[in-house]
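Presented below is the structure to which this report refers.
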Amino acid sequence: MHAIYAWLIGPFVEFDFLRRALVGALALSLSGAPVGVFLMLRRMSLTGDAMAHAILPGAAIGYLLYGLSLPAMTFGGLAAGFVVALLAGAVARLTQLREDASMAAFYLLSLALGVTIVSLRGSNVDLLHVLFGSVLALDDATLILLGAVAVITLFSLAALWRPLVVECVDPGFLRSVSRAGAPTHLIFLVLLVLNLVAGFHALGTLLAVGVIVLPAVSARFWARQVTGMAGVAIIVAALSGWLGLALSYHHGLPAGPAIILVAGGIYVLSLLLGRVGGLVWRALPGRHLEA
Amino acid sequence: MNAPAAQSVSPAPQQGGRPSPPALRFDNVTLGYDRHPAVHHLHLDIAPGSLTAIVGPNGAGKSTLLKAAAGLIRPLDGVIQRGVPARRIAYLPQAAALDNSFPLTVYDLVAMGLWERCGLFGRIGQRHAPRIAEALRAVGLTGLERRPIGALSGGQLQRALFARLLLQDAALILLDEPFNALDAATVADLTALIHRWRDEGRTVLAALHDLELVRASFPQTLLLARELIACGPTDVVLTDANLARARRMSEAPDPHAAPCVRAA
């Protein structure tokens, strides 16, 4: 009992910076995980990754002009994310290029531009900060930003739940009963960018998408319905944050990657043991039922 | 061929008074993609409360006609007038582009039919449960409410989509080949539902391939082969001569076709 306390709870009681990191990780879990569930169901998981890279040059320009300033990097990241999302959508609509292809083109461009801009002025330490975040150095302003993004995301998802689900299942039906389809898609992309920018402060651009996508794909192996999936995803994300921080504290690992590694571990376990279609259950199916 | 005057599909001769306005009127409508017409210069009235089959070879423009009636594509030319507001039109596309790997239950799929009543944000709750249960019972899916849609057979899925149509409570119902790949029992059950809609005064338009079924169950028929070949009572329309004419229609659009100069 004492050992468990010392391992899982003690560090957070003792150190303020770990408590802040935990609060930040929990806020990210609450909003990012449900967004990830819809990303997965809309077959846009890799789009999430692309968008994560796309916000880099915006954040980098903010950094170039104002240094490591929270508002400058946040607004820069948001602006770059929206520009790439809109451009990719427009190119897909106006040319024969599919949205995934044009998204790939823009995000590669974006990533190269971002790294160049950061290198122009900063050191490698700054580059590492932007790419991998600094979950152990969250100040008040960043925590408020993470909390605000979580609140906005949860309320928006609650309001948009029905059109989001219907658009995934039967877009033709949604088109025939309502014009909510296009605005829903757009607002969803905005929520994605918001969560990536929030996650970027804690985990950096490369790993921010990890707490969004990994819990969602794990949840797919535990729940049969969307609501349950969102719930499981939130729990998986929160657990990853907690265990990841503890792991990083005890073994001197970098905190951001530790969180993502735990999330990845939970994914592998779910893939094997998940009650809904996990590999072990597939290998050992029970006797078939009578009807 | 001269542009025909508007032909009319009516359920019964109007008695005395003014004829009611058509549920759908196609006024010299040309429909198509990339300027190539799929349906050419169509003049047609669909009377309210009529039950009409749309028949014609593949590529005749049946689906295009239904999409245009549903307001999903714009006519290249001409005007479509609808006698019912857009929100009272229900459209069931051919082999609905449904993502059946999506984790959704039959109950939730059917409940989508309440969209018109509950909209984007309205609550669908216990209040609506009896109506949803009644729709499921009408299509014979009672007991499968909790099934994920991915676990349904083709026939069961089509029954669920008909239950959704039931809840949509539409005045004009457009069905695109609703009976493809279904067994006889399912077709009989769903045809009975269509007749129930007719008896309730709803207008039904269905694209179909099975001529036996059309002769047995659909009083009105519209024979289409990119042009309107004939329309009216089914036994008058489905003659060998008319069907042969429909078959002769060429399917491929001529890539060098000149702009149409036919009088509007």
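As an exercise: evaluate B:Gly122 against (1) open to solvent by less than 50 Å² (accessible area, probe 1.4 Å); (2) more than 10 Å from every other protein chain (Cβ to nearest Cβ); (3) free of Cβ contacts under 8 Å to residues at least 24 places away in the same chain and give the number of the one condition it does not meet.
Condition not satisfied by B:Gly122: (2).
Can you tell me which residue within the range B:83-106, out of those that are more than 7 Å from chain A (Cβ to nearest Cβ) and assigned to a loop (DSSP other than H, G, I, E, B), is nearest to the chain's Cα centre (by Cα)?
B:Gln94
Please state which of the following conditions A:Leu56 fails to meet, knowing it meets all the rest: (1) in contact with a Leu (Cβ under 7 Å, 6 or more places away or on another chain); (2) surrounded by fewer than 23 Cβ atoms within 10 Å (Cβ to Cβ); (3) of a type outside the set (Lys, Arg); (4) modelled with pLDDT under 85.
It fails just one condition, (2).
Across the range B:1-29, which residue is modelled with the lowest pLDDT among those that are of a type outside the set (A, V, I, L, M) and buried (at least 21 other Cβ atoms within 10 Å of the Cβ)? Spell out how you get there, then give the answer.
Going through the range B:1-29, the residues of a type outside the set (A, V, I, L, M) turn out to be B:2, B:4, B:7-8, B:10-11, B:13-22, B:25-28.
Pick out the ones that are also buried (at least 21 other Cβ atoms within 10 Å of the Cβ) and you get B:22, B:26.
Numbers: B:Pro22: 83, B:Phe26: 89.
Here the residue is B:Pro22.
Please give the strands (runs of 3 or more DSSP E) falling wholly within the range B:171-264 in which 1 or more residues are in contact (Cβ under 8 Å) with a residue 24 or more places away in the chain and among the polar types (S, T, N, Q). If you could, list the steps in order and put the result at the bottom.
Values: elements: B:172-176, B:203-207, B:220-225, B:227-233.
Result: B:203-207, B:220-225.
Answer yes or no: is there a residue in the range B:109-118 that is surrounded by fewer than 18 Cβ atoms within 10 Å (Cβ to Cβ) and more than 14 Å from every other protein chain (Cβ to nearest Cβ). Walk me through how you get there before you give the answer.
As a first pass, look at the range B:109-118 and keep what is surrounded by fewer than 18 Cβ atoms within 10 Å (Cβ to Cβ): B:116-118.
Cutting the leftovers down to more than 14 Å from every other protein chain (Cβ to nearest Cβ) gives us none.
Checked the range B:109-118: no residue is surrounded by fewer than 18 Cβ atoms within 10 Å (Cβ to Cβ) and more than 14 Å from every other protein chain (Cβ to nearest Cβ).
Quick grid of which residues meet (1) open to solvent by 70 Å² or more (accessible area, probe 1.4 Å); (2) of a type in the set (S, T, N, Q); (3) outside any helix (DSSP H, G or I):
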{"residue": "A:Ser31", "(1), (2), (3)": "no, yes, no"}
{"residue": "A:Ala52", "(1), (2), (3)": "no, no, no"}
{"residue": "A:Phe75", "(1), (2), (3)": "yes, no, no"}
{"residue": "A:Ala112", "(1), (2), (3)": "no, no, no"}
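Determine which member of the set A:Arg162, A:Arg175 is modelled with pLDDT under 85, open to solvent by 20 Å² or more (accessible area, probe 1.4 Å) and within 12 Å of another protein chain (Cβ to nearest Cβ).
On the way: A:Arg162 fails: modelled with pLDDT under 85.
Within the list A:Arg162, A:Arg175, the selection yields A:Arg175.
Being away from chain B (no Cβ under 14 Å) and surrounded by fewer than 18 Cβ atoms within 10 Å (Cβ to Cβ) is the filter here, so list the residues in the range A:148-159 that pass it. Write out each step before concluding.
Here is the first cut: in the range A:148-159, the ones away from chain B (no Cβ under 14 Å) are A:148-154.
Scanning the range A:148-159 gives A:Ala148, A:Val151, A:Ile152, A:Leu154.
Just to check your reading of the model, which residue among B:Gln168, B:Gln220 is in contact with a helix residue (DSSP H, G or I) (Cβ under 8 Å, 6 or more places away or on another chain) and modelled with pLDDT under 90? Don't jump to the end; show me each part of the working.
Working: B:Gln220 fails: modelled with pLDDT under 90.
That would be B:Gln168, the only listed residue that is in contact with a helix residue (DSSP H, G or I) (Cβ under 8 Å, 6 or more places away or on another chain) and modelled with pLDDT under 90.
Could you identify the single residue in A:Leu94, A:Leu87 that is farther than 17 Å from A:Asn195 by Cβ, surrounded by fewer than 13 Cβ atoms within 10 Å (Cβ to Cβ) and among the hydrophobic types (A, V, I, L, M, F, W, C)?
Result: A:Leu94 is the single residue among A:Leu94, A:Leu87 that is farther than 17 Å from A:Asn195 by Cβ, surrounded by fewer than 13 Cβ atoms within 10 Å (Cβ to Cβ) and among the hydrophobic types (A, V, I, L, M, F, W, C).
The values are calculated or read from the model by the stated rules, or taken from the named source; none is laboratory data. Everything numeric in this text was worked out from a predicted model, so none of it was measured. Counting neighbours? That spans all protein chains shown, and the Cβs are built from the backbone with ideal geometry, glycine included. These area figures cover heavy atoms from the full protein model, side chains too; ligands, DNA and RNA do not enter into them. Shrake-Rupley method; radii C 1.70, N 1.55, O 1.52, S 1.80 Å.
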